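Structure record follows, encoded as structure tokens.
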Amino acid sequence: MEESHQEPSLSFEIALKVANEAVFAQTSRHLKNIEVAVLQGAWLGYNYDKIADQVGYAPEYLKHDVGPKLWKILSASLGEKVSKTNLIAVLSQKALSANSSNPSPLQKFDFKAPTGIIPLDSALYIERYPIESRCYEEIMRSGSLLRIKAPDKMGKTSLMIRILAHAQQTSEEHQVNTVLVNLQRADKAIFSDLDRFLRWFCVSVTRKLNLNHQIGKDSGLRIGNK
């Protein structure tokens, strides 16, 4: 059963920036991923059970540990009591007050929720230390695999393009080539057979790198009739 929910007057991205900057000023640390997940869930009007289901944590852990600690640190950082029920009102007021009384980055924001990927130069993107630095380090290791898991609209794709951009910027030093392959655009039939998927994946990558694929030659795999 969903809790009563106030309609937000600004985007979650701006609210998150306000909260994150306030917490950093108070504690010299950024909000953790799990704290951001709870914050976003509360912003959307979700109860702890639904938030827990989306992020893969036990509801009791969010309800009795993460949540209370989050509201406590937000209350101390924002200078007034913050709870799951008044979160939207408090952050909206703080954002509007900062925007009207202080020349700040908030004045440059459009108070509409951005859609899709947040551009590399956007002030709305929030770095969540040490996630970015760990991804940048790992992506430069041969044979590494990164799995980015988070609820919808948490910035997974925006993080991914920053990882690719970092790899491209250091490509001369590390001899890295980057390729973006969207599995959602592939025909569903491709996923019905591992051999077929691997052939499709290899051809997709080699084509984007302007290389001649080896499928059907030395690999032992055959392309088939198409």
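The values are calculated or read from the model by the stated rules, or taken from the named source; none is laboratory data. Note that the structure is a prediction, hence the values are computed from the model and not measured. Note that each Cβ is placed from the backbone with ideal geometry, even for glycine, and that neighbours are counted across all protein chains shown.
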Go through the residues of segment 58-65 one by one and say whether even a single one is part of a loop (DSSP other than H, G, I, E, B) and at negative phi.
yes
Determine if segment 179-191 includes at least one residue that is outside the structural domain of Leu16 (by TED's automatic domain parsing), assigned to a loop (DSSP other than H, G, I, E, B) and at pLDDT below 85.
no
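Considering only segment 143-176, state which residues are among the polar types (S, T, N, Q) and under 23 Å from the mean Cα position of the chain (by Cα).
Correct list: Ser144, Thr157, Ser158, Gln168, Gln169, Thr170.
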Looking at (1) more than 21 Å from Lys149 (Cβ to Cβ); (2) out of contact with any His (no Cβ under 7 Å at 6 or more places or on another chain); (3) touching a residue at least 40 places away in the same chain (Cβ under 8 Å), find the lone condition where Gly45 falls short.
(2)
Segment 13-42, subset of a type in the set (Asp, Glu) and touching a residue at least 24 places away in the same chain (Cβ under 8 Å), residue farthest from Val90 (Cα to Cα)
Glu35
So, of the residues in segment 57-88 that are touching a residue at least 40 places away in the same chain (Cβ under 8 Å) and closer than 13 Å to Ala19 by Cβ, which turns out to be surrounded by the fewest Cβ atoms within 10 Å (Cβ to Cβ)?
Ala76
Residue in segment 8-46 that is modelled with the lowest pLDDT, counting only those that are hydroxyl-bearing (Ser, Thr, Tyr) and buried (at least 18 other Cβ atoms within 10 Å of the Cβ):
Ser11
